[in-house]
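**Q** My structure is below; once you've seen it, I'll send some questions.
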Amino acid sequence: MNLFTKSLVVDSGSRLEVWGYFLLRVSAGLMIFYIHGWHKLEGWIDYLQNGTPWKLADEVAGMHFPAPLASAVAATLVQFICSLFIIVGLFTRINALLLFGALSGAIFQNLLAGRDPQLAILYTLVVLTLAFMGGGRFSLDSRLFANAGHSTSRNDIVGKALKST
């Protein structure tokens, strides 16, 4: 089988798929952490320490969100903390959904400010994909909760009881 034909074969769960998914989850988490979370956190800290205007809070106020400062803080914390959880793959689906909400707001914010929303759209689609797919094989979710979905059903218990009699 040549390289071209190998590239057409769909092999769910293959090594390449597992590593590709790991790379997607970790790189997206790192980029969201650094580009969105870290910089927004620096702006918030500067606002708290020096009273420097916080661009994010001003933009959220311009979007007419209720409690713009609290909304900006919430968005910052979600983008900072949830991206770290995404990187290690812990509670991936929950954190991806929280990030999906925050990044959807970023799309809206970019549109209102007349900026190109493509990057926010891409991040939003990636975290939505993570919400559907979960943490993957190389995640803390996989390590900690591998057997959580395999609880013994009532039928299994009854079947085992009947076999032992």
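**Q** Kindly indicate the residue of the range 67-90 that is part of a loop (DSSP other than H, G, I, E, B) and in contact (Cβ under 8 Å) with a residue 24 or more places away in the chain and also surrounded by the fewest Cβ atoms within 10 Å (Cβ to Cβ) among those meeting that condition.
**A** Top of the filtered list is Leu90.
**Q** Separate question: Sort out which residues of the range 99-123 are under 19 Å from Ala57 (Cα atoms), in contact (Cβ under 8 Å) with a residue 12 or more places away in the chain and part of a helix (DSSP H, G or I), and write them in order of number.
**A** Leu99, Gly101, Ala102, Leu103, Ser104, Gly105, Ala106, Ile107, Phe108, Gln109, Leu112, Ala120
**Q** Something else about it: Can you name the condition, by its number, that Thr52 falls short on among (1) touching a Gly at 6+ places or on another chain (Cβ under 9 Å); (2) assigned to a helix (DSSP H, G or I)?
**A** Checking Thr52 against (1) touching a Gly at 6+ places or on another chain (Cβ under 9 Å); (2) assigned to a helix (DSSP H, G or I), the one that fails is (2).
**Q** Pick out the one residue from His36, His64 that is of a type outside the set (A, V, I, L, M, F, W, C), modelled with pLDDT under 95 and in contact with a Ser or Thr (Cβ under 8 Å, 6 or more places away or on another chain).
**A** Going through His36, His64 in turn, just one is of a type outside the set (A, V, I, L, M, F, W, C), modelled with pLDDT under 95 and in contact with a Ser or Thr (Cβ under 8 Å, 6 or more places away or on another chain): His36.
**Q** Give the residue, chosen from Phe4, Phe22, that is buried (at least 16 other Cβ atoms within 10 Å of the Cβ) and of a type in the set (Phe, Trp, Tyr).
**A** Phe22
The values are calculated or read from the model by the stated rules, or taken from the named source; none is laboratory data. Owing to the predicted nature of the structure, the values given are computational and were not obtained by experimental measurement. For neighbour counting, all protein chains shown are included, and Cβ atoms are generated from backbone atoms with ideal geometry for every residue, glycine included.
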